[in-house]
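The block underneath contains the structure these notes are about, expressed in structure tokens.
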Amino acid sequence: MTIPKIHPFAFDPTYGMRLEELLAVEPPEEPAGFDAFWEARYRKALDVDPQPALSLSKLSHPDWHVLDLVYLSTGGFKIGGWLLLPREGRVKRGLVVGHGYGGRDQPDFNLPVEETAVIFPCCRGLSLSRHPPISENPSWHVLHDIDKRDSYIIGGCVEDIWLAVSTLATLYPWLSGHIGYSGISFGGGVGAMAIAYDERIDRGHLALPSFGHQPLRLKLPTVGSAQSVQEYQADHGNVLETLRFYDAATAATRIDVPMLTAVALFDPSVAPPCQFAVANAIRKYNEIFILDAGHFDYPGSAEQEAVLRDKIGQFFRVS
């Protein structure tokens with residue numbers, strides 16, 4: 001175990017919890033109408049024609065054809081990103097890859113997948129999908145319309161993932177039933193909500209998932225976007241009314257496809273109990289991979305990440 005002992009934070013990013021305690025964290029009580037809320041949004045998203053537009057990217061890679069991508073999401077929102085196509089083999093699987101709250105400035109060319117069409121969307125307001133007055137700063141982005149349950153920015157980001165799936169299905173109809181999702185941190189939390197209601201996604205990998213167990217997320221000391229939400233709550237006092245409908249752990253109880261979930265014992269940005277609430281809520285076909293720390297450099301991180309990378313490659317392997 002190489003859980004960091006020295007760190008610059010004024011709080012303990014393990015929250016004093018051992019692995020057995022973390023594995024016992026349950027999702028919070030869910031609000032009435034949770035399923036109706038998300039099912040209605042999903043039906044609305046399915047009615048959107050993504051109208052994908054592709055162009056040759058300035059980026060290049062020996063293993064991948066790289067295309068710049070723009071597609072339409074809900075509300076006519078233009079989503080930018082990239083599409084990678086393998087230079088060798090046929091396209092037999094699709095994969096949507098989410099990003100962390102820092103956004104994304106290029107695709108991840110080192111994904112351990114083959115014969116796969118990979119979309120890297122930038123969720124609305126971030127990176128290639130920047131859209132003033134939505135802030136690109138995670139501490140402000142996470143607050144955009146947080147006082148309005150039906151138009152909170154995170155719901156739109158989930159819809160952007162659904163429309164990325166629609167884009168793959170539009171471009172490559174034979175991939176239906178063979179589209180996966182992989183996301184980290186922000187992308188992990190948004191991904192849990194997307195996978196829970198999208199029957200077109202056949203498997204998912206979530207790493208250090210955010211937005212889990214919102215009541216705990218509001219209480220536990222943290223840095224980053226969660227701290228911003230806590231400060232907003234301190235000023236306004238009504239944020240949980242919205243956040244209960246955007247709880248990745250509540251959504252995860254609905255996931256019934258194979259999952260690989262990576263969670264950390266130490267994390268200053270996404271509290272481990274909140275991560276584990278998501279992982280523990282997935283009742284079927286879920287492998288939980290334990291990292292010593294997340295959102296923080298630590299001895300042994302390269303070795304753990306290498307093992308996880310191999311697992312991801314096996315998980316998304318084309319059969």
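What to note about this one:
- Which of Pro13, Pro258, Tyr246, positive extreme of dipole for the chain (C-beta unit charges): Pro258
- Rolling a 1.4 angstrom probe over the protein heavy atoms with all chains in place gives region 46-89 an accessible area of 56 Å² per residue.
- Projecting the Cα atoms of Pro138, Ser228, Gly76 onto the charge dipole of the chain, computed from C-beta unit charges around the Cα centre, puts Gly76 farthest toward the positive end.
- Solvent exposure of Val91, expressed as accessible area, is near 30 Å², computed with a probe of 1.4 Å over the protein chains only.
- Based on the Stokes-Einstein relation at 4 °C and a viscosity of 1.567 mPa s, and on the Kirkwood radius from alpha carbon pairs, the chain is assigned a translational diffusion coefficient of 66 µm²/s.
- Cα gyration tensor category, rounded, prolate or oblate, for region 90-171 with a/c compared to 1.5: prolate
- Surface composition of region 182-264: carbon plus sulfur atoms hold 48% of the accessible area, using a 1.4 angstrom probe and ignoring ligands, DNA and RNA.
- Gln227 paired with Glu199, simple spin-label distance in nm, labels 7 Å along Cα-to-beta-carbon: 4.4 nm
- Lys, Arg +1 and Asp, Glu -1 on Cβ, resulting dipole of region 177-301 about Cα centre, debye, nearest 20: 260 debye
- Label-to-label distance, nm, for residues given as Lys92 and Glu303 (7 Å Cα→Cβ offset): 3.4 nm
- Contour excess over end-to-end distance, with Cα ends at Gln106 and Asp145 and 0.36 nm allotted per residue: 11.3 nm
- Extended-chain gain in nm, criterion 0.36 nm per residue less alpha-carbon gap, Arg317 and Ser176: 49.1 nm
- Residue-averaged [θ]222 nm for the chain, counting only DSSP H segments that reach four residues, each worth -39500 (n - 2.57): -9500 deg cm²/dmol
- Annotation note: GluC sites (Glu not before Pro) in region 95-149 located in DSSP loop regions with a Cβ neighbour count of at most 11 within 10 Å are absent.
- Added length on full extension, which subtracts the Cα-Cα distance from 0.36 nm per residue, Leu56 to Asp235: 59.7 nm
- Region 168-256 shape via C-alpha gyration tensor axes, a/c threshold 1.5: prolate
- Using a probe of 1.4 Å on the protein chains alone, the accessible area found for Glu159 is around 10 Å².
- Residue ranking by accessible heavy-atom surface, 1.4 Å probe, largest first, among Asp297, Asp12 comes out as Asp297, Asp12.
- For Asp63, the accessible area of its heavy atoms, probed at 1.4 Å with every protein chain present, is near 90 square angstrom.
- In a simple Cβ point-charge model (Lys, Arg +1; Asp, Glu -1; nothing else charged), the chain has a dipole of about 540 debye relative to its Cα centre.
- Gyration tensor (alpha-carbon) shape descriptor, region 231-319, a/c threshold 1.5: oblate
- Max mean-square fluctuation residue, GNM over the chain, Cα-Cα springs under 10 Å, options Gly191, Gly204, Gly300: Gly300
- Label-reachable residues, region 157-183, where backbone N falls under 19 Å from a point 7 Å from Lys78's Cα toward its Cβ: 157, 160-161, 163-164, 167
- Solvent exposure of region 258-319 amounts to 40 Å² per residue of accessible area, where only protein heavy atoms count and the probe is 1.4 Å.
The values are calculated or read from the model by the stated rules, or taken from the named source; none is laboratory data. Computed from a predicted structure; not experimentally measured. Positions of Cβ are backbone-derived with ideal geometry, glycine not excepted, and every protein chain shown enters the neighbour counts. Just the protein is used for accessible areas: all its heavy atoms, side chains included, with ligands, DNA and RNA removed. Shrake-Rupley method; radii C 1.70, N 1.55, O 1.52, S 1.80 Å.
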